[in-house]
Each structure stands twice: as C-alpha cells, then as structure tokens.
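To start, the structure under review is shown below, and the notes come after it.
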Amino acid sequence: MSTLLAPTRPSRTRLGRALLRPGVLIPVIVLLLALAWAIAPNLFAPLSPTESVGRSLQAPSGAHWFGTDATGRDVFTRVVHGASHSISGALIAVLVGLVVGTAIGVTAGATGGVVDDVLMRAVDVLLAIPALLLSLSVVILLGFGTTNAAIAVGVTSIAVFARLARAEVVSVRVSEFVEAAYGSGGTFLSVLWRHILPNSLTPVIALAALQLGSAILQISTLGFLGYGAPPPTPEWGLLIAEGRDYVATAWWLTVLPGAVVVIVVLATNRLSQAIRGGEPA
C-alpha cells in the first residue's frame with residue numbers, strides 16, 4: 001500500500017546525469033557563458049560598446065572578432081554587453097509569466113468549480129490573441145525600453161504557464177497519495193503545499209527554461225522593430241536591425257549577432273528537454 005501511495009517525484013540523480021551528458025553539457029556551458037556576459041561584460045569585452053574604437057566596417061579579425069560597425073564600434077563588444085539587456089529582459093519576462101501564470105493555474109486546478117471556469121476562460125482569451133500582437137499592445141501602453149518589452153513578453157506567456165500548471169495540478173490532485181493525505185487529516189493548504197505542488201511543478205520549470213529562449217527571441221524581435229531599448233544601447237535585436245542595411249557589404253553585422261541569439265536559444269531548448277526528462281538514455 002505504501003508503494004501505491006508514494007508520490008512519484010522526479011529523480012535529482014537522473015537529472016544530474018542528464019545535465020552531464022555531452023549533448024546537454026555543451027548547452028549548459030553556452031548558457032553559463034551567456035550569463036557571465038550579462039553579469040560581467042567588461043571581463044570579456046573591455047572596449048566601450050558605444051564609442052568608436054577603429055575604422056568603420058572592418059571585417060572580423062584578430063583585433064575585432066566580430067568586426068566593426070558603420071561607426072567603428074566593436075561588434076563583439078556590443079554583443080557581449082548586449083547580453084545584459086537581452087538576457088535580463090528574458091529573465092524578467094519568464095519570471096512574470098511563471099509567477100502569474102502558475103498562480104492562476106494552481107488556483108484554478110486546486111479549487112475547481114466556478115473559479116476554475118472563470119480563470120480558464122480568461123486564459124483562453126489571452127491564448128486567442130497572437131503573442132506578437134499582444135506584446136506590441138502592452139509595450140505601446142507601457143512605453144519603449146527593455147524592461148517594458150520584457151513585461152510585455154511576460155504577459156504573453158502567462159496563459160501558457162497557467163494552462164500547464166492547471167493540467168498538472170488536476171492530474172496530481174486525483175492521485176491516491178493525495179487522497180491518502182486528506183484521509184490522514186491534512187488540510188487543503190498543507191496537502192497543496194506538501195504533496196500537490198512538489199509533484200506538479202517540474203514540467204512548469206521545464207517550460208520556464210523553454211520560455212527563456214522564446215523570450216530572448218521575442219525581446220530581440222521587439223528590439224528589431226524599434227520597440228525595445230533605444231540606440232545606442234547594445235541590445236541583440238537592435239544590433240541585428242542596425243546591420244540590415246549593410247547585409248550585402250558587411251554581412252557580419254547581422255549574421256554574427258544573429259548566430260549568437262540562435263545558439264543561446266537552442267541551448268535553452270536543449271536544457272528544457274533535459275529538465276523534463278526528454279534526453280535519451
């Protein structure tokens with residue numbers, strides 16, 4: 001009976017082994033490097049990201065790894081310093097979606113009834129609006145800037161977190177070990193905190209890792225469209241936008257910053273697979 005009633009918790013050892021596999025270790029290193037760029041950019045790129053350091057439109061070389069832009073600024077330096085804007089914005093976006101969406105989903109799934117119906121209908125309304133349109137609407141209301149763009153992107157992910165959290169809570173709520181906890185005299189809040197949440201939030205955390213990559217893309221998109229950080233801020237989307245007029249003559253202005261964005265996003269997607277146990281044995 002104790003075996004039947006024991007909750008199925010994700011294995012930390014299995015997760016640790018998954019993160020140490022070569023196919024996952026490399027993405028982890030990529031993400032750690034990107035975070036290091038965001039936290040201490042001057043350690044990796046001591047040049048100024050906003051001032052000219054050489055001739056304009058120099059191709060990639062030993063002196064300037066990613067070349068220089070139209071005003072002579074070092075592109076690699078701007079990419080490194082741009083990590084602090086793009087990644088911090090993505091983290092804010094994920095935090096907004098994770099906290100608000102999970103709170104809505106857990107409340108709906110745990111209480112059920114009319115509360116569940118009302119909250120899920122509101123979530124359905126959010127899901128019906130295209131993410132880019134919703135984020136543009138929110139950022140126009142809040143004003144331009146990286147933080148406002150991050151909040152706008154976070155609003156678009158609330159519904160996704162809410163639906164997943166509700167589904168997991170509803171699935172765990174009807175489990176035998178939860179019924180046994182209630183039968184042993186557990187209160188609603190104690191059972192929710194000690195049994196339901198620990199066994200239902202692992203997929204939500206995996207989604208947060210996946211949404212981090214999506215948030216980087218969306219914030220870069222808003223920056224590319226001119227709704228993010230203003231020039232000369234070295235934000236990744238803005239860097240790509242600034243180089244679009246020089247694609248034929250200075251390909252490195254768009255290709256290299258774009259490659260960094262793609263690599264970081266792919267790394268977050270790979271890490272998300274490992275967290276949710278999708279890595280093959």
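The values are calculated or read from the model by the stated rules, or taken from the named source; none is laboratory data. Because the structure is predicted, anything quoted here is derived from the model rather than measured. Heads up, the Cβs are rebuilt from the backbone with ideal geometry, glycines too, and the neighbour counts pull from every protein chain shown. Heads up: the accessible areas ignore ligands, DNA and RNA and are worked out on the full protein's heavy atoms, side chains in. Shrake-Rupley method; radii C 1.70, N 1.55, O 1.52, S 1.80 Å.
Each row is one residue, and each column tells you yes or no for (1) charged (D, E, K, R); (2) in contact (Cβ under 8 Å) with a residue 12 or more places away in the chain; (3) over 30 Å from Pro46 (Cβ atoms).
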residue	(1), (2), (3)
Thr71	no, yes, no
Arg78	yes, yes, no
Ile87	no, yes, no
Leu95	no, yes, yes
Met120	no, yes, yes
Val138	no, yes, yes
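Do we have any residue at all in region 143-150 that's open to solvent by 70 Å² or more (accessible area, probe 1.4 Å) and at pLDDT 85 or above?
Yes: one or more hits.
Counting only residues that are open to solvent by less than 30 Å² (accessible area, probe 1.4 Å), of a type outside the set (A, V, I, L, M) and in a helix (DSSP H, G or I), which one in region 212-257 is nearest to His85 (Cα to Cα)?
Trp236
For region 21-120, please list each of the helices (runs of 4 or more DSSP H) lying entirely inside it that holds at least 3 residues being closer than 30 Å to Val138 by Cα and either of a type in the set (Ser, Thr, Tyr) or open to solvent by less than 30 Å² (accessible area, probe 1.4 Å) (or both).
Fully inside region 21-120 and qualifying: 22-39, 75-111.
Looking only at residues in region 121-142 that are small (Gly, Ala, Ser) and open to solvent by 30 Å² or more (accessible area, probe 1.4 Å), which one is farthest from the chain's Cα centre (by Cα)?
Ala122
Of all residues in region 151-178, which are modelled with pLDDT under 85 and surrounded by 24 or more Cβ atoms within 10 Å (Cβ to Cβ)?
If the condition is that a residue be modelled with pLDDT under 85 and surrounded by 24 or more Cβ atoms within 10 Å (Cβ to Cβ), then Val169 is the only one that fits.
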